[in-house]
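Read the structure below first, then the notes.
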């Protein structure tokens, strides 16, 4: 991808581990780019030579499979490893769950959301959100 095509939030295709994936440019550096993999929900650094332009109509053909977000009222410093693993286990095993966007975005953490599905309450019992305190207690 040429420098003129590289700008923040620009859609692109990247190559990593012999796979091509859709991404969005987060930041362009001198030797590499930071990209957000929109179908995997994670950021990574790649070489310029592994980034390819993608036409706008193709980039928007299907919605992203991942949504970049952070739980509101969740201080990740307060969670121990066992709590994080239990939360991830419950989240991955849930048939469905409901997130409520709070309409606020944090540049480094994505959109602030709350889980409002009661099936995930046990995973957050030690650190409930204001909403969970009002509804479940």
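Out of (1) out of contact with any strand residue (DSSP E or B) (no Cβ under 6 Å at 6 or more places or on another chain); (2) at pLDDT 80 or above, what's the single condition that is false for residue 38?
Every listed condition holds for residue 38 apart from (1).
Filter the strands (runs of 3 or more DSSP E) completely within the range 10-104 down to those with at least 2 residues that are within 30 Å of residue 115 (Cα to Cα).
Because the criterion is at least 2 residues that are within 30 Å of residue 115 (Cα to Cα), the strands (runs of 3 or more DSSP E) in the range 10-104 that meet it are 19-28, 32-37, 42-47, 69-71.
The values are calculated or read from the model by the stated rules, or taken from the named source; none is laboratory data. Remember, it's a predicted structure, so these values are computed and weren't measured experimentally. Cβ coordinates were reconstructed from backbone atoms using ideal geometry, including for glycine residues, and neighbour counts include every protein chain displayed.
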